[in-house]
Amino acid sequence: MRALEKFLEQGIQNVKNPPAIWKEYARENTVSVKKLYQATAAYLKTEFPRRAGDIESASRSAAEALDRFGAFLDTLTPGDPKGIAIGKEYYDYILQHEYLFTFDSDSL
């Protein structure tokens, strides 16, 4: 959780005008990752009560970093709507494993 803040700060420095689909994808993920971290922190605090303060602090920092990154994404102007900057292979992987489509990007 502690490494997330630096990671997202790098994203803020490096991301410039992503295609709208990737901007939306990243925005959705900030929400789901925040929920995951909150649930994980709640579990870890019950398992390691002596570290509850550290866990809460790390969880809060991660949530704040995700909120900042989400706000940053909201300020971006979408780039080329046809852009697939991640490459065909990874895009096909996302279509099949995250969206559970039975087709690849060539079929779109």
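Here's the list of lysines a cross-link from residue 23 could span, going by alpha-carbon distance under 24 Å and ignoring same-chain residues fewer than 8 apart: 6, 34, 35, 82, 88. Taking 0.36 nm per residue of sequence separation and removing the Cα-Cα distance, the residue 46/residue 17 pair yields an extension gain of 6.3 nm. With the charge dipole of the chain set up from +1 on Lys and Arg Cβ and -1 on Asp and Glu Cβ about the Cα centre, the Cα lying farthest toward the positive end among the listed residues 108, 3, 57 is that of 57. The loop-placed trypsin sites (Lys or Arg not before Pro) in segment 38-108, going by DSSP, that have at most 16 neighbouring Cβ atoms within 10 Å of their Cβ come out as 82. What the phi angles of segment 73-80 give under the Karplus curve with 6.51, -1.76 and 1.60, with θ = phi - 60°, is a coupling list of 4, 5, 8, 6, 8, x, x, 4 Hz, glycine and proline written as x. Comparing 91, 43, 25 in a Gaussian network model of the chain where C-alpha atoms under 10 Å apart are linked, the largest mean-square fluctuation is found at 91.
Throughout, read-outs are computed from the coordinates displayed, never taken from laboratory work. Remember, predicted model here, so these are calculated numbers, not experimental data. Don't worry about glycine lacking a Cβ; one is built from the backbone with ideal geometry, like all the others, and counts go over all protein chains shown.
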